[in-house]
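Visitor: Got a structure for you, questions after.
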Amino acid sequence: MKREVGGAECKGVFKLQTSSLYKSIFGYSLADIDGLTDRLIEDFTIAIDRLGNTDQIRRQIDPQWVVLAAGKGSRIDPTGRLNKMLDIWFGQKNVLDLSRQHLPTTRPHIIVVNPVTYQRLISLNTNQVILCVQETPDGTGGALRAALPELQNSNAEFIGVAFGDEPFLPPNIFWRTLISHFIRQADITLCAKKPETVVDKGGLFFDPEGRFMGTKEWYDMTEAEQAEMWQRLEQGTAYTNTGITLVRRLAMIERLDRLQSHKNGTELHHVDLIGHFYQDGLKTNAYVHQANLVSGVNRWSNVLAGEELRYSQARTLLAEKGVRVDPQAQITFQSNSLHSLDEDLQIGVGCHLLGRIHLGSEVKIGDYCRLENVTLTGKTIVGDRTSLIDVTADDTVFADNQIELPISTPISGLRTKTEIQEANFTAAQVDAAVKLWSVTANATVIPTQTILDHRVIGVPTLPQTLWWDQLVTEPYLPGVFTLGEKQHLPDWEQLRQHIRSHSKTELISRSTRNELLAGIAEQAVVDLLDLKRSDGEYVVSDLTAEQVWGAVFEIVKIVTGNPDPYYRDKRLARQTAFQQLAPKLDWQQKLRLVIAGNIIDYSSARVIKKLTDNPSYFDQALSAAVSTDFSINCFDRFSQDVIEADPKSIVWLVDNDGEVVFDLWLVEQLVELGHRITVVGKPEPASNDATVADLYQMAEHPFFQQLPQQIYAGDIQFISSGSITIGTNLHQATTEFATAILNADLVISKGQGNFFTTRGLRRDTFYLLMSKGVTAEESTGIVADHSKLIDGLILGYVPAGTHYPGTLAGFCHL
């Protein structure tokens, strides 16, 4: 008896035109599909040529797939809390992702889910799929009925049916089913397999002429039919149902209502459509997939078998590419298929892979690298002779190391120069010959020969804390603008050049006189500015100028070993400030002097030039300041809330080291009014800003008569903000600092940096600063008169949690 079973192997002629059309539609060449012979390709080409012009061919051979994913997976988790399709992951993809990654189509998948799964999926980005809800678990036929509105709206000629819990099926099973379908010119095709047993399986039945009549579940078969299945199993001609189906859309829609129930009326089976097609004289076809298949995720034993299959295939592929793979290594890839991976994977010679490894599709690995328990994603590049152990890296570059002999060493397998362990990198560059252990780095450059242990470096990310939403309102930005906002403006390159030049002339020159170290630091800054993410955008595009300066300062500190390059400038500013304090002033004059103290800055070339031209510049400017009008004047509110108010808890954010002398002078007097004040400095040097250690040193100066006792009594407290950059980056806030803000009645913020980086604080805030430079002028609305000795003094007030449009001057109605 002859049966019509597609997929017979024979020889033929390859037709380039159809293969090119196929590749233009699906991104695959026919030659890429495992198991396709020249004869099958020729037969498929002939079948496709019958379909008409190119547009007609595209519409017919590009099916829309319905993915049946409404099962609850009670065998996986009887409680139902674990969703077998969403909560079981292999590498970076879950069961549902893997089950539909090989479906041959350019159309969005129609995914049929139960109500619980639907609620989870709609919270995710599901723009690329169409979700339909199967309200009751009434089988695969019920799932198609749930998708009926979308099927009616589709313009596809054919509909594919697949399952959302089949992550281990080989890619070619779908392609071979589609090719068989068109070769046989079928109206409906079912993919079948050769089973190990026929018990509890859906068997395929054929009429005496070999035409495919349909399927029957074991429990629906008569004794004679079960006996026939046993007999055919012994003969090697028994076939069972995989459920994968291709069916003519309109013919299917017309027959959905004819499906009959199973299991005491609780289920409808979509494969029963085959019987209706057969009875109505339409063309039916069965494609039998010859290779062994791993069952879907309906038992944990199947998960184990499927995982081992995937890991085994990955190990074999890597070994064939010249990689030493540990026999127990568990390796996953982002690439959709091992075939494309074989072409795309870029990994050098002599590498050694151990443990759990995940490699993204754009990852490149050099020669003689050792990777153990590593996840690499984005455009991560691992240079030669690099050892990564327990490392996660995204969009990160690990520089090449010079290859020297010998390259082997006992125990570890390879002798490497760059050795990194227990680390996490995001958008970073790691130069050659570094030793890093327990390091987290984001948006930074780690220079060559660096040794770091238990460090968090680079630009901090949003803290995952209970108090964040209580501290600041969103959107929060630690600065006025990101560099990316300037990228399409004329001053974009000028801004980058300013960072490079300022780093060299102002920071690096202060940090070291060694030409080699200076050169390494300068190059590291350039590398940071040139560093790109996998999407092609500069890493610094997402960062504010304050964040970039923080990263630059840290990089230079790592290279030069100089923790406080502004030490001398800060001490000079401090000495000058103590000489400028005036004992008898009213409150407005005191506040003007406190704000104007910002001019004492020996790190500013502009200030040094003024001192060179006029040695009495500080004396004259600060004398003029006490009688200079505020450009933004919220003194009445300050007087009401601070000077004349009942005792309050106040947080005072300090700025430059020299002007902090004026701050402490005023703090001392405010405490005499009954207030308790927490003064916040940097945890360690960052530019010329005051650290907590600096605050304690200044408090010991004999000028301060009451300050030591106030500190001893607890009326004044010095704490760190946690921020190591210009201003106060709230992403770096310590719990102690956040608690101080939450417990405060109001905040007094000194300086431009703090004004730029603390907007949106959920506490009433007084901003005391001078408007200096374009950014300050644009954000405050105040342009200082440079013909005057001093101008642009600002005493602003912003209520808790306020995000105001426009400028500070506009908000304060000036």
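No lab work stands behind these numbers, since they all come straight from the coordinates. Please read all numbers here as calculations on a predicted model, not as lab measurements. All Cβ positions, glycine included, derive from the backbone under ideal geometry; neighbour counts span all protein chains shown.
Visitor: In the stretch 72-109, which residues have a backbone nitrogen under 15 Å from the label point lying 7 Å from Ser534's Cα in the Cα-to-Cβ direction?
Guide: Residues 91-94 fall inside that zone.
Visitor: Can I ask one more? Can you tell me the FRET efficiency between His488 and Glu308 if r is taken as the Cβ-Cβ distance and R0 is 45 Å, rounded to the nearest 0.05?
Guide: The computed FRET efficiency comes out at 0.30.
Visitor: For n ≥ 4 DSSP H runs only, could you compute -39500 (n - 2.57) per run for the chain, divide by its residues and tell me the 222 nm figure to the nearest 500?
Guide: Using -39500 (n - 2.57) per qualifying helix, the result is -10000 deg cm²/dmol.
Visitor: For Gly792, enumerate residues with amide H under 5 Å from its amide H, sequence gap 5+ or separate chain, H modeled in the peptide plane.
Guide: Ser631, Asp785
Visitor: Using only the alpha carbons of the stretch 223-287, what is the convex hull's orientation-averaged projected area in square nanometres?
Guide: It is 5.7 nm².
Visitor: Sequence-distant or interchain residues sharing an amide H contact under 5 Å with Val430, placed H: which?
Guide: Those qualifying (amide H under 5 Å, at least 5 residues apart or on another chain) are Val397, Phe398, Ala399, Ile446.
Visitor: Could you sort 38-44, 804-810 so that the peptide with the highest average Cβ count within 10 Å comes first and the rest follow in order?
Guide: 38-44, 804-810
Visitor: Could I ask something else about it? After finding the eigenvalues of the alpha carbon gyration tensor for the stretch 556-600, what semi-axes result from the square roots of 5 times each, listed largest first in whole Å?
Guide: Calculated on Cα positions only, the semi-axes equal 32, 11, 6 Å.
Visitor: Ok, one more. What net charge do the residues around Ser616 carry, taking every other residue with its C-beta under 15 Å from that of Ser616, with Lys and Arg at +1 and Asp and Glu at -1?
Guide: 0
Visitor: Taking 22 Å as R0, compute the FRET efficiency from the Cβ-Cβ separation of Val129 and Ile25 and round it to 0.05.
Guide: 0.70
Visitor: At q = 0.08 Å⁻¹, work out log10 I(q)/I(0) for the stretch 5-289 with the Debye formula, treating every Cα as an identical point scatterer and leaving solvent out; two decimals please.
Guide: One equal scatterer on each Cα of the stretch 5-289 leads to -0.34.
Visitor: While we're here: Using a Debye calculation, one point per C-alpha and no hydration shell, please list log10 I(q)/I(0) for the stretch 666-814 at q = 0.16 Å⁻¹ in order.
Guide: Each listed q corresponds, in turn, to -0.98.
Visitor: Can I ask one more? Largest first and in whole Å, what are the equivalent-ellipsoid semi-axes of the stretch 106-198 based on the Cα gyration tensor, each being the root of 5 times an eigenvalue?
Guide: Values for the stretch 106-198, descending: 25, 17, 14 Å.
Visitor: Here's something else I'd like to know. Which value results when the Cα radius of gyration for the stretch 592-730 is divided by 2.2 N^0.38 Å?
Guide: Ratio of Rg to 2.2 N^0.38 Å for the stretch 592-730: 1.11.
Visitor: What are the ³J(HN,Hα) couplings of the stretch 378-391, residue after residue, when phi is run through the Karplus curve with 6.51, -1.76, 1.60 and θ = phi - 60°? Round to Hz, x for glycine and proline.
Guide: x, 8, 7, 10, 10, x, 4, 6, 10, 10, 10, 10, 6, 10
Visitor: Please list 297-303, 470-476 highest first by mean number of surrounding beta-carbon atoms within 10 Å per residue.
Guide: Answer by packing, highest mean first, reads 297-303, 470-476.
Visitor: Tell me, what ³J(HN,Hα) does each residue in the stretch 586-591 have, in order and in whole Hz, if you take phi through Karplus 6.51 cos²θ - 1.76 cosθ + 1.60 with θ = phi - 60° and put x for Gly and Pro?
Guide: 7, 5, 4, 5, 4, 5
Visitor: Taking 1 over the mean of 1/r across every pair of different Cα atoms in the stretch 625-668, what Kirkwood radius in Å do you get?
Guide: 12.5
Visitor: Let me ask another. Taking θ as phi - 60°, what are the ³J(HN,Hα) couplings along the stretch 133-148 by the Karplus curve (6.51, -1.76, 1.60), each to the nearest whole Hz, with x for Gly and Pro?
Guide: Values per residue, Gly and Pro as x: 9, 9, 5, 10, x, 10, x, 5, x, x, 5, 5, 5, 5, 8, 4 Hz.
Visitor: If the stretch 681-725 were replaced by its equivalent ellipsoid, with semi-axes equal to the square roots of 5 times the Cα gyration tensor eigenvalues, what would those be, largest first, whole Å?
Guide: Its equivalent ellipsoid spans semi-axes of 22, 12, 5 Å.
Visitor: Let me see the P(r) profile for the stretch 300-458: every Cα-Cα distance counted, bins of 5 Å, each bin given as a percent of all pairs.
Guide: So the P(r) values, bin by bin, are 2, 9, 19, 24, 19, 13, 8, 4, 1, 0.
Visitor: Once Rh is set to the Kirkwood radius over Cα pairs, what Stokes-Einstein translational diffusion coefficient, in µm²/s, holds for the stretch 567-811 at a temperature of 37 °C and a viscosity of 0.692 mPa s?
Guide: 183
Visitor: Same structure, new question: Please state, to two decimals, what the Cα-based radius of gyration of the chain comes to when divided by 2.2 N^0.38 Å (N = residues).
Guide: Rounded to two decimals, the normalised Rg is 1.27.
Visitor: Which residues among the stretch 769-788 fall inside the zone where the amide N is under 16 Å from a point 7 Å beyond the Cα of Tyr804, along Cα→Cβ?
Guide: Only 769-771, 776-783 pass the distance filter.
Visitor: I would also like to ask the following. Sort the stretch 554-666 into rounded, prolate or oblate with this rule: let a ≥ b ≥ c be the square roots of the eigenvalues of the Cα gyration tensor; rounded if a/c is under 1.5, and if a/c is not under 1.5, prolate when a/b is larger than b/c, oblate otherwise.
Guide: Because a/c hits 1.5 or more and a/b fails to exceed b/c, the stretch 554-666 counts as oblate.
Visitor: Still on this structure, please answer the following. How many nm separate the modelled label positions at Leu82 and Arg299, each set 7 Å beyond the Cα in the direction of the Cβ?
Guide: About 1.6 nm separates the two model spin labels.
Visitor: Output the peptides 261-269, 139-147, 791-799 sorted from most to least packed, where packing is the average of other Cβ atoms within 10 Å over each peptide's residues.
Guide: Answer by packing, highest mean first, reads 139-147, 791-799, 261-269.
Visitor: Hey, another quick one. If you restrict to DSSP beta bridges whose two residues both lie in the chain, what percentage is antiparallel, to the nearest 5?
Guide: Approximately 25 percent, going by the DSSP bridge assignments.
Visitor: If eta is 1.306 mPa s and T is 10 °C, what Stokes-Einstein diffusion coefficient results for the stretch 748-814, Kirkwood Rh from Cα pairs, in µm²/s?
Guide: Translational diffusion coefficient: 132 µm²/s.
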